[in-house]
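To start, the structure under review is shown below, and the notes come after it.
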Amino acid sequence: MFEQRPPRIKEAIFNFLRGVGQRAEKEITANLSHLSKSATPERSINRTLNELYKKGILEKIYLKDDTFFTWDKLKPEDKKKRYPRFYRLVQEQIRKQVSTSIYCGSNSMGNQDDNPNYDENSTRYHGSDRSPRKTPSDIKAWTFDTIKNKDVDRFEELAIYLFNELMTTRLTSDENDCIVTQYGVYLKDLKFPEFKAMLGYDGEMPMANVEDYKLYPQKFWSIRGVEQ
């Protein structure tokens, strides 16, 4: 699946701010205005900066007495004054993910009675049934969220997204007896509440410099590490 690249101005802003701390708004517009086809390029870039700020991708800060402050840290009387405005890239995003594991195949649970290759004299396999289990397939869905939304729970919608995606794949067909690992339930027979109860959730995986076009509400999923 091909992903659309971010617009040229946004990409230029990301590259201009990466790894340099903060830059003055005037410096940003002066250096990137040639990329805009607008009759007022500085205003166009300023609109883009504000858009990225509202999405939580950029942080807007102000210089007062050689010290940087965010707007909420300025005193009420200072908010009526004009201070040089700077932007810096919020380096960290959060990957939020739901996941579980499944086994697929006629011997998906490793039951010796259903294993045509079972050899009672074999010492190759260990365990109570001495039967080879299928290799588990990890299934997961994730999204990238901004630091601003770090504490927003995305579990429910990621679970719905993954369930809907799985139900349209061959994993739920009759010839693929896929079983959710620890429960022994066929994937094709699952209802959403049961499926959701089987998922693990991790909402605190820090990431760096995730592009705008990959951020929430965009969602992704994979099986066995192969992105879909």
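All conditions in (1) surrounded by 13 or more Cβ atoms within 10 Å (Cβ to Cβ); (2) under 32 Å from the mean Cα position of the chain (by Cα) hold for L63, with the sole exception of (2). Just to be sure, is I94 at negative phi and assigned to a strand (DSSP E or B)? Criteria met by I94. In region 1-39, of all residues being within 22 Å of the chain's Cα centre (by Cα) and polar (S, T, N, Q), the one that is modelled with the highest pLDDT corresponds to N15. Exactly one residue out of S106, S122, S99, S131 is surrounded by 11 or more Cβ atoms within 10 Å (Cβ to Cβ), of a type in the set (S, T, N, Q) and either touching a strand residue (DSSP E or B) at 6+ places or on another chain (Cβ under 7 Å) or at pLDDT 85 or above (or both): that is S99. Screening region 53-64 for residues that are in contact with a helix residue (DSSP H, G or I) (Cβ under 9 Å, 6 or more places away or on another chain) and in a strand (DSSP E or B) and picking the one that is farthest from R18 (Cα to Cα) gives K64.
Identify all residues within region 23-52 that are of a type in the set (S, T, Y), in a helix (DSSP H, G or I) and either free of Cβ contacts under 8 Å to residues at least 24 places away in the same chain or closer than 11 Å to F86 by Cα (or both); write none if there are none.
Residues of region 23-52 of a type in the set (S, T, Y): 29, 33, 36, 38, 40, 44, 48.
Going one step further and asking which of them are in a helix (DSSP H, G or I), we end up with 29, 33, 44, 48.
Within region 23-52, T29, S33 qualify.
Kindly evaluate K79 against the criterion of being modelled with pLDDT under 85 and either in a strand (DSSP E or B) or basic (K, R) (or both). Taking the combined requirement at face value, the residue satisfies it. Tallying residues that are modelled with pLDDT of 90 or more and either surrounded by fewer than 15 Cβ atoms within 10 Å (Cβ to Cβ) or within 21 Å of V20 (Cα to Cα) (or both) within region 85-96 yields 3. Among the residues of region 193-205, is there at least one that is closer than 18 Å to Q97 by Cα, in a loop (DSSP other than H, G, I, E, B), in contact with a helix residue (DSSP H, G or I) (Cβ under 9 Å, 6 or more places away or on another chain) and modelled with pLDDT of 90 or more? There is at least one residue in region 193-205 that is closer than 18 Å to Q97 by Cα, in a loop (DSSP other than H, G, I, E, B), in contact with a helix residue (DSSP H, G or I) (Cβ under 9 Å, 6 or more places away or on another chain) and modelled with pLDDT of 90 or more. Checking each residue in region 46-60 for being of a type in the set (D, E, K, R) and surrounded by fewer than 17 Cβ atoms within 10 Å (Cβ to Cβ) picks out R47, E51, K54, K55.
The values are calculated or read from the model by the stated rules, or taken from the named source; none is laboratory data. For clarity, every value in this text was computed on a predicted model and none was experimentally measured. Ideal geometry is used to build each Cβ from the backbone, glycine not excepted, and the neighbour counts take in all protein chains shown.
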